[in-house]
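Working notes, structure below.
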Amino acid sequence: MREVIIIGSGPAGYTAAIYAARAALNPLMIASSVEPGGELMKTTEVENYPGFPNGLMGPDLMASFQEQAERFGTEIMFEDVTEVDLTGDIKIVKTGNGETYEAKTVILSTGAAYRELGVPREKELSGHGVSWCATCDGFFFREKVIAVIGGGDSAMEEANFLTKFASKVYVIHRRDSLKASEIMQKRSFDNEKIEFIWNSAITELKGSPKLDGVVLEDTVTGEKRDLAIEGLFVAIGSDPRVDLIENQVEISKERFIKVDGRTSKTSLPGVFAAGDVIDPTYRQAITAAGSGCVAALDAEHYLSSK
Amino acid sequence: MQPVEATKASFDQEVLQADKLVIVDFWAEWCGPCRMVAPVLDEIASENADSIKIVKVNVDHEQQLAMDYSVTSIPFLGVFQGGKLVKQMVGARPKAAIMDEIRDLLPAS
């Protein structure tokens, strides 16, 4: 029987692991088999994580998180959780390799999954022009005209990164202003290879076997027009990953795990949640890390008061 | 059998003429998710030596092959049977998810 199992390995999970390990709780982290490190693994430059004045690459930041968690004795399993039973005093966690683990507490830090566009032929053309990972796929679009859809920091980050490869990058956004931070907005507006297409949504993907264009719909007038592009990078946000636990812990209408006030306490005793999976508002690496710390301290307190 | 590296020149023999089901992994050194899925494919190769062959295509060295199959995202797993691309998967995914996708293409055991 474990003291604590942490599900997920983004900034929230690793910070919970560091604190739990230093509290001598010998945490087991189930980090996922192919997506350990979470969303930052697909991010390029991280410039707003305090302590790194020159910025660093997302994967490098996550490697440091992992090293620090392991240094204090966190055991990390690169497996996927397939099933949980969190309702009893003893929490049961099953993984894809057929193992079952038991623990007195569980910290849920499963993060969020990239949102899909929801237009026809998206699946067929993904890998053939439609992409979710600029760092993985920018290479394929040297001297090509491409687009990023989205208006947040990650969309701007991707658009700027992709200008290293592409001859032109359109940014397609459904509104007439961006949600991105001022510094990322300015950088994008100043980038000569980036052109903004405002008030527009994509209704159709064209081309076979590869993407060669999209149909845009003006979100104000409803007018449609074609745009020729060979690549489309989707950065329209993400949805909390709650599939595993939604029938056990309370979930909000927006599908985030509900926690009690400023704590990480879910509706089930001994079950704590942290990071993007509880956060409809901020969703930053640093806020996730902070909330991972809260979860570890809450778990520690719960264990010592039992 | 451990994964085999293929080039444009050897692709016909290694993939199209193969008598087993072939999963072709289009990958690159600089692609994080590619590094994550590589050990998963190694496991699939060793656990299914009789029925599945894993072939790696490094897109940095074999750009023409990537273009031939319109690959613009990696990791890109192309499943070939009888010389034809019968299924494709984009992005790193767990072993169970990959096996689920190809189960009905494997000989009944």
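Here chain B exposes an accessible surface that is 50 percent carbon and sulfur, computed with a 1.4 Å probe and the other protein chains kept in place. For region A:78-134 and region A:219-282, what is the separation of their C-alpha centers, rounded to whole Å? Distance between centres, Cα-based: 13 Å. Rounded to the nearest whole Hz, the Karplus-based 3J(HN,Hα) values (6.51 cos²θ - 1.76 cosθ + 1.60, θ = phi - 60°) of region A:147-153 follow the sequence 9, 10, 10, x, x, x, 4, with x at glycine and proline. Of the GluC sites (Glu not before Pro) in region A:149-230, the ones in a loop by DSSP (not H, G, I, E or B) with at most 14 other beta carbons within 10 Å are A:Glu192, A:Glu223.
Using the empirical formula 2.2 N^0.38 Å as the baseline, the Cα radius of gyration of chain A reaches a ratio of 1.07.
Buried accessible surface for the A/B chain pair comes to about 1700 Å², total over both chains, computed with a 1.4 Å probe.
Interface burial in region A:122-144, defined as at least 30 Å² less accessible area with all protein chains than with the chain alone at a 1.4 Å probe, covers A:Gly127, A:His128, A:Cys136, A:Asp137, A:Phe139, A:Phe140. Near the amide H of A:Ala112, within less than 5 Å, lie the amide hydrogens of A:Arg241, all on another chain or at least 5 residues away, with H placed in the peptide plane. Projecting the Cα atoms of A:Ala274, A:Thr287, A:Phe161 onto the charge dipole of chain A (Cβ charges, centred on the Cα centre) puts A:Thr287 farthest toward the positive pole. Hydrodynamic estimate: the Kirkwood radius of region A:1-125 over Cα pairs, inserted into Stokes-Einstein at 37 °C and 0.692 mPa s, corresponds to D of 210 µm²/s.
Computed about the Cα centre, the dipole magnitude for chain A is approximately 280 debye when only Lys and Arg (+1) and Asp and Glu (-1) carry charge, each at its Cβ.
3J(HN,Hα) along region A:253-262, derived from phi through the Karplus expression 6.51 cos²θ - 1.76 cosθ + 1.60 where θ = phi - 60°, amounts to 4, 7, 6, 9, 5, 7, 10, 7, x, 7 Hz, with x in place of Gly and Pro. Computed over every Cα-Cα pair of region A:91-212 and binned at 5 Å starting from 0, the pair-distance distribution P(r) comes out as 2, 9, 17, 19, 17, 10, 6, 6, 7, 5, 2, 0 percent. Applying the Karplus relation 6.51 cos²θ - 1.76 cosθ + 1.60 with θ = phi - 60° to region B:49-56 yields 3J(HN,Hα) values of 4, 6, 10, 10, 10, 9, 10, 9 Hz, where x marks Gly and Pro. If both residues of a DSSP beta bridge must be in region A:1-158, then about 45% of such bridges are antiparallel. A simple count of charges around A:Ala69, restricted to other residues whose Cβ falls under 13 Å of its Cβ and scoring Lys, Arg +1 and Asp, Glu -1, yields -1.
Of all DSSP bridge pairs formed entirely within the protein assembly as shown, close to 50 percent run antiparallel.
Ordered from largest to smallest accessible area (heavy atoms of protein chains, 1.4 Å probe), the residues A:Thr105, A:Thr43 come out as A:Thr43, A:Thr105. Here chain B was treated as a single set of alpha-carbon atoms; its pair distances binned every 10 Å from 0 give 15, 54, 29, 2 percent.
Solvent-accessible area assigned to carbon and sulfur over region A:21-173 amounts to 48 percent, based on a 1.4 Å probe. Report, in whole Å, the centroid distance computed from the Cα atoms of region B:1-64 and region A:32-57. What the calculation gives is 28 Å, centre to centre.
Using only alpha carbons, region A:175-306 has a radius of gyration to Kirkwood radius ratio (Rg to Rh) of 1.13. For region B:54-100, a decrease in accessible area of 40 Å² or greater in the assembled protein chains relative to the isolated chain, with a 1.4 Å probe, applies to B:Ser70, B:Thr72, B:Ser73, B:Gln88, B:Pro94. For chymotrypsin sites (Phe, Trp or Tyr not before Pro), no site in region B:46-109 is both called loop by DSSP and has at most 13 other Cβ atoms within 10 Å. In the full protein context, region A:1-43 carries 29 Å² of accessible surface per residue, based on a 1.4 Å probe and ignoring ligands, DNA and RNA. Dipole of region A:87-199 computed with +1 at Lys/Arg Cβ and -1 at Asp/Glu Cβ about the Cα centre; of A:His128, A:Ile183, A:Thr110, farthest Cα towards the positive end is A:His128. P(r) tail, region A:241-294: Cα-Cα pairs separated by more than 16 Å, 34% of all pairs. Taking a threshold of 26 Å on the Cα-Cα distance, which of the pairs A:Lys193/B:Lys87; A:Lys210/B:Lys8; A:Lys42/B:Lys95; B:Lys56/B:Lys95; B:Lys8/B:Lys53; A:Lys206/B:Lys84 fall above it? Distance filter (> 26 Å) returns A:Lys193/B:Lys87.
Going by amide H atoms built from the backbone, whose H comes under 5 Å of the H on A:Met57, apart from near neighbours? Hits under the 5 Å cutoff: A:Val46. Amide H contacts under 5 Å for A:Ser264: none, restricted to partners 5 or more places along the chain or on a different chain, H placed in the peptide plane at 1.01 Å from N.
The values are calculated or read from the model by the stated rules, or taken from the named source; none is laboratory data. Worth saying up front: this structure is predicted, and the values here are computed from it rather than measured. All Cβ positions, even for glycine, are placed from backbone atoms using ideal geometry, and neighbour counts span all protein chains on display. When the accessible area is computed, the model is the full protein with side chains, heavy atoms only, and any ligands, DNA or RNA have been set aside. Shrake-Rupley method; radii C 1.70, N 1.55, O 1.52, S 1.80 Å.
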